[in-house]
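Participant: Below: one structure in structure tokens.
The values are calculated or read from the model by the stated rules, or taken from the named source; none is laboratory data. All values reported here derive from a predicted model rather than from experimental measurement. Note that each Cβ is placed from the backbone with ideal geometry, even for glycine, and that neighbours are counted across all protein chains shown. Heavy atoms of the whole protein, side chains included, go into the accessibility calculation; ligands, DNA and RNA do not. Shrake-Rupley method; radii C 1.70, N 1.55, O 1.52, S 1.80 Å.
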Amino acid sequence: MFSTCIYLLVYYVIRYRRKTVIENLNLVFPEKSEKEIQHISKSFYKHMCDMFLEMTRSLSISKEELIKRYKVVNLDEFHEFEKKNKSIITLMGHYGSFEWSNAVDLVSLNPCVGIYKQIENKYFDRLAHRIRGRFNSRLIPSHKVARQIIKDKQEGTVCGYGMISDQSPKIGNAKYWTDFMGVKVPIFLGGEFLAQRLDVIVLYLHVEKVKRGHYEVKFIPISENSKEEEKFYIIKKYLELLENQIRQKPQYYLWTHKRWKHRNATPPEGAIID
């Protein structure tokens, strides 16, 4: 009920980023009618407000409750990957409740590490760090991730690293462009670069919202021998899996995220256009 009240305030009164949401939806779903776009938009805002409440609930929720609400449905299969004595990089998207993904650390055999982008506002960055690291989960800021994963490998530490990989890179670093949701945009290559350099297992985190406040997640293998994969295979497979989820249930993607902002920009010299 509280989330619904927040939705009414955010959508109808504050009108938070409504223009951005509608522009994004129209861009990637040109075949949908105005009525369908409005329906997805409203459903998305309801979900976004649920996520906000879930994030704040993270400050007090018990381990048992979090595991029940963010359930790994193929945990035995995930454990088999963990037993291979290789670190794992799990690629995620801004889909479902990505803020609760630290629940995986509560049921995994190996320590799980969250990779996050620091927020410019120091207060909100500390709050986000407190929420994501509440159960003593290890966190690495994105600008230090390569150095830290290499150090872990040198020390023989086997971990699972969670990485959201649908961000839009800075235009100066936009070295690879391909289609995402039918739009040609630059792609963040950090996950693939690290995976191939360190030869880790790569998985995709498939998230299903069962009902409000309850999710089921499944680990889908992308590559068990990332070093042997062709260049861009890993990132393209990840985008395919994420895109399939978005097309099936678009209301659970973060449409306030300006993912397609560089679509009309000029690629930097030397960029690969796929």
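Participant: Counting only residues 5 or more places away or on other chains, whose amide H sits under 5 Å from the amide H of I222 once H atoms are built in the peptide plane?
Facilitator: Residues meeting the amide H criterion: V202, L203, Y204.
Participant: Next question. With the dipole of the chain worked out from charges on the C-beta (+1 for Lys and Arg, -1 for Asp and Glu) around the Cα centre, which of F180, M163, N136 lies farthest toward the positive end?
Facilitator: Looking along the dipole axis, the top candidate is N136.
Participant: Sorted from largest down, give the three principal axis spans of the alpha carbons of the range 1-129, whole angstrom values.
Facilitator: In descending order, the Cα extents are 50, 36, 31 Å.
Participant: Mind checking the per residue accessible area of the chain for me, 1.4 Å probe, whole number of Å²?
Facilitator: 52
Participant: Return the Rg/Rh value of the range 56-98, two decimal places, where both radii are evaluated on C-alpha atoms and Rh is the Kirkwood radius.
Facilitator: On the Cα set of the range 56-98, Rg over Rh gives 1.04.
Participant: Compute for the range 175-224: radius of gyration divided by Kirkwood radius, i.e. Rg/Rh, restricted to C-alpha atoms, rounded to two decimals.
Facilitator: For the range 175-224, the value is 1.09.
Participant: Quick check on packing: order 60-69, 252-261, 198-207 by the mean number of other C-beta atoms within 10 Å, highest mean leading.
Facilitator: Averaged packing, sorted descending, gives the order 198-207, 252-261, 60-69.
Participant: List, in order, the whole-Hz ³J(HN,Hα) value for each residue of the range 201-207 obtained from phi through the Karplus relation with A = 6.51, B = -1.76, C = 1.60 and θ = phi - 60°; use x for Gly and Pro.
Facilitator: Residue by residue, the range 201-207 yields 6, 10, 10, 10, 9, 8, 10 Hz.
Participant: Provide the percentage of antiparallel DSSP beta bridges, counting only those with both residues in the chain; round to the nearest 5. Mind dumping the intermediate values first?
Facilitator: Numbers: 14 of 36 bridges.
Expressed as a percentage, antiparallel bridges in the chain total about 40.
Participant: To the nearest 20 debye, what is the magnitude of the charge dipole of the chain about its Cα centre, counting +1 on the Cβ of each Lys and Arg and -1 on the Cβ of each Asp and Glu?
Facilitator: Numbers: 45 positive and 32 negative charges, 215 e Å.
In debye, rounded to 20, the chain gives about 1040.
Participant: Could you give the DSSP H helices of the chain that reach 24 angstrom or more along their long axis (alpha carbon positions) and whose average Kyte-Doolittle hydropathy is no lower than 1.0? Let's see the in-between values first.
Facilitator: Working: long enough: 34-57 (34 Å, -0.71).
Long hydrophobic helices here: none detected.
Participant: Okay, next question. I need the semi-axes of the equivalent ellipsoid of the range 135-274: take the C-alpha gyration tensor, multiply each eigenvalue by 5, square-root it, list largest first in whole angstrom.
Facilitator: Output for the range 135-274: semi-axes of 24, 22, 15 Å.
Participant: Now, a different point. For the chain, what % of the accessible area comes from carbon and sulfur atoms, probe 1.4 Å? Write down the numbers at each step before the final one.
Facilitator: Values: 7310 of 14350 Å².
On the chain, the fraction of accessible area on carbon and sulfur atoms equals 51 percent.
Participant: Return one quarter of the surface area of the convex hull spanned by the alpha-carbon atoms of the range 1-65, equal to its mean projected area, in nm².
Facilitator: Projected area, direction-averaged: 5.6 nm².
Participant: On to the next question. Rg over Rh of the range 209-274, using C-alpha atoms and the Kirkwood radius, what does it come to?
Facilitator: 1.05
Participant: How much space per residue, in cubic angstrom, does the convex hull of the C-alpha atoms of the chain take up?
Facilitator: Roughly 138 Å³ of hull volume per residue.
Participant: For the range 27-100, what are the per-bin percents of Cα-Cα distances with bins 10 Å wide, up to the bin holding the maximum?
Facilitator: Computed distribution, short to long bins: 14, 31, 30, 19, 6, 0.
Participant: Let me ask you something else. By per-residue mean of other Cβ atoms within 10 Å, what is the highest-first order of 162-174, 94-106, 19-31? If you can, show how the numbers build up before the last one.
Facilitator: Values: 162-174: 17.8, 94-106: 20.9, 19-31: 15.1.
Taking the mean over residues of other Cβ atoms within 10 Å, the ranking is 94-106, 162-174, 19-31.
Participant: Taking the Cα centre of the range 106-256 as origin and charging only Cβ (+1 Lys, Arg; -1 Asp, Glu), how large is the dipole, in debye to the nearest 20? Mind showing how you got there, number by number?
Facilitator: Details: 25 positive and 16 negative charges, 140 e Å.
With only Lys, Arg, Asp and Glu charged at Cβ, the dipole is about 680 debye.
Participant: For F180, what residues show an amide H to amide H distance below 5 Å, using hydrogens built from the backbone and excluding near sequence neighbours?
Facilitator: Placed amide hydrogens put V185 under 5 Å from F180.
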